[in-house]
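Data first, discussion second: the structure below is written as C-alpha cells.
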Amino acid sequence: MLEIKNLTKILGDKLILRNVSLTLGKGEILAVVGPNGAGKSTFFKCTVGLLQPSGGEIILDGNLVKKKSAIARKKIGFLGHESFLYNNLSPLENLQFYGKLYKVKNLEERMKELLKEVGLYLFKDVPIRSFSRGMMQRLAIARVLLAEPDILMLDEPHTGLDQEAVQLLNKIIIDKKNSGTSILIISHDFEQVHKLADRVAVLKKGKIVETRELAESMDLYGMKEWYEKVVSEG
Ligand SMILES: Nc1ncnc2c1ncn2[C@@H]1O[C@H](COP(=O)(O)OP(=O)(O)O)[C@@H](O)[C@H]1O
Ligand SMILES: [Mg+2]
C-alpha cells in the first residue's frame, strides 16, 4: 500500500539517501534499522512529507504523494523527534486541539479512551510542562492515534522511555498491527525492534544494504549475528 521508489536526498553537497526503495504492506511491521548517521531520520522526514526528496517517488494506495499532500496527512500518522505538543495545555486540551484539526468523530469519547490506553487519564487536566519524557511520549502516541491513521511511522519511538513505557508502546504497536495498521519503525537498536517486526531493512550510509523477513522461530543470537555482520561489512 505504501511504496517508496528510488528515494534520494541531497543536503548541502552530501548525498544522504541513495535510491532507497521499500514497500510497506497492509498490517505489516517493517523496521528500518541502521547505525547513527545512516540517514534514517532523513528517510523518515522525506517519507512523511517534512522534507522534500531530491529524487524518487512515494506512492500511497496508487497515488503519488507530494510534499504536504492531503491524502498523506490523512492516512499517515507519524511520530518523530518532535512531539508537536503544547506545554501550557493539558493532555485533554492538546488532544482537543488536534482532534478538531483532524475533524475526529466522537472526539470526547475517543480522547478519554486514548488517555486511558496510554495511562495518562489521571493526569488529563494537568499542564504537560512538568511531564517526564515517558509521559510526553505517551501523549504524543495518543495524538498520533487520534486520527486513526492507516499507516504509522515512528522514528526511534523507544528512545528515552522507561521499561514500563516501552512495554506499553510495544503493546500498542502490536494491537494496531492486529487491527490492520501498517507500521514502519525506525531504530538504531536492532534488539529493540526485532521482536516487533515482520521484516527488517538495514540502512547503511544512505543505502538499503539488506532486507530480511523475521520469523518468530528464529533465534535471537543468530539474528543479532546476522545484523552485526551486515552493518560491519563493506
Ligand atoms: N540539514 C542537514 N544538512 C547537512 N547534513 C545533514 C543534515 N541533517 C542531517 N545531515 C547528515 O545526514 C546524515 C544522516 O543523518 P540522519 O538522517 O539524522 O541519520 P540517522 O537518523 O540514521 O542517525 C548524517 O551524516 C548527518 O550529519
Ligand atoms: Mg535519527
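The values are calculated or read from the model by the stated rules, or taken from the named source; none is laboratory data. On a predicted model such as this, the values are computed, not experimentally measured, just so you know. No Cβ is skipped: glycine too gets one built from the backbone with ideal geometry, and neighbour counts run over all protein chains shown. Areas reflect the complete protein model, heavy atoms only, side chains present, ligands, DNA and RNA absent. Shrake-Rupley method; radii C 1.70, N 1.55, O 1.52, S 1.80 Å.
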Original post:
Consider Glu164 against the criteria (1) closer than 15 Å to Leu85 by Cβ; (2) free of Cβ contacts under 8 Å to residues at least 60 places away in the same chain: it satisfies all of them except one. Which criterion is unmet?
Top reply: (1)
**OP:** Among residues belonging to segment 107-132 that are within 30 Å of Pro35 (Cα to Cα) and open to solvent by 10 Å² or more (accessible area, probe 1.4 Å), point out the one that is modelled with the lowest pLDDT.
**Re:** Ser132
Original post:
Which residues, counting only those in segment 29-41, are surrounded by fewer than 21 Cβ atoms within 10 Å (Cβ to Cβ) and not in a loop (DSSP other than H, G, I, E, B)?
Top reply: Ser41
Subject >> Selected residue (only one of Leu7, Leu50 is part of a loop (DSSP other than H, G, I, E, B), within 16 Å of ligand 1 (Cβ to nearest atom) and either modelled with pLDDT of 95 or more or closer than 25 Å to Lys177 by Cα (or both)) >> reply: Leu50
Original post:
In this structure, is Met135 of a type outside the set (D, E, K, R) and open to solvent by 40 Å² or more (accessible area, probe 1.4 Å)?
Top reply: yes
Subject >> Residues of segment 88-105 that turn out to be open to solvent by 50 Å² or more (accessible area, probe 1.4 Å) and at pLDDT below 95, as a count >> reply: 5
**OP:** Evaluate the following for Lys74: is it touching a Pro at 6+ places or on another chain (Cβ under 9 Å), touching a residue at least 60 places away in the same chain (Cβ under 8 Å) and open to solvent by 50 Å² or more (accessible area, probe 1.4 Å)?
**Re:** yes
Original post:
On the given criteria, is Asn19 among the polar types (S, T, N, Q), more than 11 Å from ligand 2 (Cβ to nearest atom) and not in a helix (DSSP H, G or I)?
Top reply: yes
**OP:** Quick one: count up the residues across segment 205-217 that are over 11 Å from Val33 (Cβ atoms), modelled with pLDDT under 95 and in a strand (DSSP E or B).
**Re:** 1
Original post:
Do any helices (runs of 4 or more DSSP H) entirely within segment 99-204 hold 1 or more residues that are acidic (Asp, Glu), and if so, which?
Top reply: 107-117, 163-178, 190-194
Subject >> Leu115, sole failed condition from (1) touching a Phe, Trp or Tyr at 6+ places or on another chain (Cβ under 6 Å); (2) within 16 Å of ligand 1 (Cβ to nearest atom) >> reply: (2)
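Does Ile29 meet the test of being aliphatic (A, V, I, L, M), farther than 30 Å from Lys124 by Cβ, more than 16 Å from ligand 2 (Cβ to nearest atom) and in contact with a strand residue (DSSP E or B) (Cβ under 8 Å, 6 or more places away or on another chain)? Step through it out loud before you land on a result.
On the way: aliphatic (A, V, I, L, M): yes; farther than 30 Å from Lys124 by Cβ: no; more than 16 Å from ligand 2 (Cβ to nearest atom): yes; in contact with a strand residue (DSSP E or B) (Cβ under 8 Å, 6 or more places away or on another chain): yes.
Here the answer is no, as Ile29 does not meet what is asked.
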Original post:
From the set of residues in segment 148-159 that are open to solvent by 40 Å² or more (accessible area, probe 1.4 Å) and over 15 Å from Val48 (Cα atoms), which is farthest from ligand 1 (Cβ to nearest atom)?
Top reply: Glu148
Subject >> Positions within segment 153-206 being more than 16 Å from Lys224 (Cβ to Cβ) and β-branched (Val, Ile, Thr), in sequence order >> reply: Thr159, Val166, Ile172, Ile173, Ile174, Thr181, Ile183, Ile185, Ile186
